[in-house]
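One structure is given below, encoded as structure tokens.
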Amino acid sequence: MSGLMSNVLLFQQTTSFVKNDFAILDEAGRQVGHVETGGSTLMRMVAGSRELTVFEGPDNPVLRVEDVYTLGRERMLIRDAHGDLLATLVSRLLLFGTRITLDVRGEELEFTGNVWGFEFQIAGPGGEMGTVSRTWSGVGNAFFGKSTYSLRLAEYLTVPQRHAIIGAVLALDLIRDKRKRSS
């Protein structure tokens, strides 16, 4: 069984000026995957992280998150291991907040709660599909750009739904990082 099939995944993030990498752990604390920042160093210095790849093992990419340049709203593409489009995440500014939706091959999922504080739920037509919550990783880790959050996924999810939600959570982190850089 794939490590990313675990119903609880912990994302340990390490950020720096040009990187936004993660270790992905299962509930027992075993590393089941990792995330690497893609794109050129020069482009990351100018525009920040714009592409992330999720790996299971050293040379086994599972999915890729790509930031699409748009005006007025954020749009992220989530691709499977073969480069085929798996899902599209869109962040729209509203009068009193932001609406985040994830289109997983025609199925629309909604994000509710404190998305930018990483305390939110993901729901689809069949109900709740996942929850995300930030955990305190300590003063030392915060000082060095490390943070941790957990993703709890419903047992009934298909592999494409599961991978799309994992990609969406990472995409939200890219959007949050871009907003922080521009303010």
- Message: Can you find, within the stretch 13-37, the residue that is least open to solvent (accessible area, probe 1.4 Å) among those that are modelled with pLDDT under 80 and closer than 21 Å to Leu63 by Cβ?
- Response: Asn20
- Item | Which numbered condition Leu10 misses (of (1) open to solvent by 30 Å² or more (accessible area, probe 1.4 Å); (2) within 12 Å of the chain's Cα centre (by Cα); (3) modelled with pLDDT under 75) | (3)
- Note on the structure: Listed by first then second residue, the pairs whose first member lies in the stretch 115-134 and is closer than 18 Å to Gln12 by Cβ and part of a loop (DSSP other than H, G, I, E, B), whose partner is open to solvent by less than 10 Å² (accessible area, probe 1.4 Å) and of a type in the set (Val, Ile, Thr), with beta carbons under 9 Å and at least 6 positions apart or on separate chains, are Phe118/Val132; Phe118/Val169
- Restricting the first residue to the stretch 150-177 and requiring it to be under 13 Å from Leu102 (Cβ atoms), which pairs with a second residue that is open to solvent by less than 10 Å² (accessible area, probe 1.4 Å) and part of a helix (DSSP H, G or I) meet a Cβ separation below 8 Å and a spacing of at least six or different chains? Leu157/Ile165; Arg162/Leu4; His163/Leu4; Ile166/Leu4
- Query: Within the set of pairs 6+ apart or on separate chains, which have a first residue in the stretch 79-106 that is closer than 16 Å to Met129 by Cβ and without any contact (Cβ under 8 Å) to a residue 60 or more places away in the chain, a second that is open to solvent by 70 Å² or more (accessible area, probe 1.4 Å) and in a strand (DSSP E or B), and C-beta atoms under 8 Å apart?
  - Reply: Thr101/Arg92; Thr101/Glu108
- Task: Give the residue, chosen from Leu42, Leu63, Leu89, Leu93, that is among the aliphatic types (A, V, I, L, M), modelled with pLDDT under 90 and in a strand (DSSP E or B).
- Result: Leu93
- Task: Of the conditions (1) open to solvent by 50 Å² or more (accessible area, probe 1.4 Å); (2) of a type outside the set (Gly, Ala, Ser); (3) modelled with pLDDT under 90, Arg50 clears all except one; give me its number.
- Result: (1)
- Restricting the stretch 73-86 to residues that are open to solvent by less than 70 Å² (accessible area, probe 1.4 Å) and over 18 Å from Arg162 (Cβ atoms), the residue that is modelled with the lowest pLDDT: Glu74
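The values are calculated or read from the model by the stated rules, or taken from the named source; none is laboratory data. Quick caveat: nothing in here was measured; it's all calculated off a predicted structure. Backbone-built Cβ (ideal geometry, glycine too); neighbour counts: all protein chains shown. Just the protein is used for accessible areas: all its heavy atoms, side chains included, with ligands, DNA and RNA removed. Shrake-Rupley method; radii C 1.70, N 1.55, O 1.52, S 1.80 Å.
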